[in-house]
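Here's the structure, in structure tokens; my notes come after.
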Amino acid sequence: MAEFSLSDLETIIGERARSGDPDSWTAKLFAKGIDKAAQKLGEEAVETVIAAVKGDEKALVSESADLIYHWLVVLGMAGVSLDEVLKELEGRTGRSGVTEKASRPKG
């Protein structure tokens, strides 16, 4: 299998978003706006959780792919790059998860 990365997917999403192609799901999502894309992200998150709880590995893989795709769409619409998220994660690796969570503002 050829290497495929989230960065590759982010690039493809950006290209398709700008394409205006009426047959592109990505272009349609961008045209509908962030509210619709965020709704789809939430739906995919729930479907991923259901697949995990059921122990349905095939569905978990499929729903996880949908979840990641819609997450990247929402990030793109919000003007947030994958690199920004990865830098945030990298910054958290030097701390325990418990300590990191406790340091977040309450709200």
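So, in the stretch 59-102, of the ones that are open to solvent by 70 Å² or more (accessible area, probe 1.4 Å) and either within 21 Å of residue 36 (Cα to Cα) or polar (S, T, N, Q) (or both), which residue ends up modelled with the lowest pLDDT? The residue in question is 99. One residue stands out among those in the stretch 64-94 that are of a type in the set (Gly, Ala, Ser) and touching a helix residue (DSSP H, G or I) at 6+ places or on another chain (Cβ under 6 Å): the one that is nearest to residue 12 (Cα to Cα), which is 76.
Exactly one residue among 33, 55, 20 is on the phi > 0 side of the Ramachandran plot, more than 15 Å from the chain's Cα centre (by Cα) and open to solvent by less than 40 Å² (accessible area, probe 1.4 Å), and that residue is 33. Helices (runs of 4 or more DSSP H) fully within the stretch 1-95 that include at least 3 residues being in contact (Cβ under 8 Å) with a residue 12 or more places away in the chain and not hydroxyl-bearing (Ser, Thr, Tyr): 6-19, 34-54, 57-78.
The values are calculated or read from the model by the stated rules, or taken from the named source; none is laboratory data. In this text, all values refer to a predicted model and were calculated from it rather than measured experimentally. Reconstructed Cβ throughout: ideal geometry from the backbone, glycine too, with neighbour counts over all protein chains shown. Just so you know, the surface numbers come from the protein's heavy atoms only, side chains and all, with ligands and any DNA or RNA stripped out. Shrake-Rupley method; radii C 1.70, N 1.55, O 1.52, S 1.80 Å.
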